[in-house]
1. List, please: which pairs have Cβ atoms under 8 Å, are six or more places apart or on different chains, and start with a residue in the stretch 125-150 that is at negative phi and end with one that is at pLDDT 75 or above?
2. Considering only the stretch 50-60, I want to know if a residue exists there that is more than 13 Å from Leu119 (Cα to Cα) and modelled with pLDDT under 90.
3. Suppose we keep only residues that are part of a loop (DSSP other than H, G, I, E, B) and among the β-branched types (Val, Ile, Thr) within the stretch 122-147. Which one would you say is modelled with the lowest pLDDT?
4. Keeping to the stretch 27-70, report how many residues are over 19 Å from Gly91 (Cα atoms), more than 13 Å from the chain's Cα centre (by Cα) and either of a type outside the set (Gly, Ala, Ser) or surrounded by 12 or more Cβ atoms within 10 Å (Cβ to Cβ) (or both).
5. Could you tell me which numbered condition Tyr93 fails, if it satisfies all but one of (1) more than 16 Å from the chain's Cα centre (by Cα); (2) modelled with pLDDT under 90; (3) surrounded by fewer than 16 Cβ atoms within 10 Å (Cβ to Cβ)?
6. Please work out if Thr63 is among the β-branched types (Val, Ile, Thr) and touching a residue at least 60 places away in the same chain (Cβ under 8 Å).
7. Which numbered condition in (1) surrounded by 16 or more Cβ atoms within 10 Å (Cβ to Cβ); (2) at pLDDT 75 or above; (3) touching a Leu at 6+ places or on another chain (Cβ under 9 Å) is the only one that Met12 fails?
8. Every residue in the stretch 66-110 that is over 21 Å from Tyr29 (Cβ atoms) and in a strand (DSSP E or B), please.
Amino acid sequence: MSTAIYNPFREMDRFFNQVAKTAGPDTRYMPLDLYRDGDQFVAKMDLPGVDPATIDIDVDDRTLSVRAERKAEQVHKDDKSHWVSRERSYGTYARQLTLGPGLDLSRINADYSDGVLTLTIPVAEDAKPRKIEVTTSASQPSVESGEQDK
């Protein structure tokens, strides 16, 4: 008998690819690491330079959406300032994850620190592995020990 690892994010890549294709030129990609740590899943998204006030996270049905914005830096303060090179991206960042059943969506936690958004998504109590106690419903025949009278 094989044991399959429960993964409620198996459709994530398919949905991300679909969203990335339809996001448009003004939406940027946010890299994601996702792992299971005991009874919770942890998603870490790189959002360097993003103002935490612009981060918007919501769950609609089983779709978790994350949006954030990094505003462009203005350098042209006077006639002496001008760009020599500009490679960093600015604008709106977006990512959607389709969450599978068995997650406690009411207890998702989000923390933004050092340019990384960390989402902690706990496994629901009813989806956690548990032991089933075995009981007997039939009465057991009793065995008497002793010698019979002769």
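The values are calculated or read from the model by the stated rules, or taken from the named source; none is laboratory data. All of these numbers come straight from a predicted model, not from anything done at the bench. No Cβ is skipped: glycine too gets one built from the backbone with ideal geometry, and neighbour counts run over all protein chains shown.
1. Taking only residues 6 or more apart or on different chains, the pairs are Glu125/Asp104; Asp126/Gly102; Ala127/Pro101; Ala127/Gly102; Ala127/Leu103; Lys128/Asp39.
2. Within the stretch 50-60, none of the residues are more than 13 Å from Leu119 (Cα to Cα) and modelled with pLDDT under 90.
3. Checked the stretch 122-147; the qualifying residue modelled with the lowest pLDDT is Val143.
4. Number of matching residues: 2.
5. Tyr93 satisfies every listed condition except (3).
6. When the stated conditions are applied, Thr63 does not pass them.
7. Tallying (1) surrounded by 16 or more Cβ atoms within 10 Å (Cβ to Cβ); (2) at pLDDT 75 or above; (3) touching a Leu at 6+ places or on another chain (Cβ under 9 Å), Met12 fails exactly one: (2).
8. Leu103, Asn109
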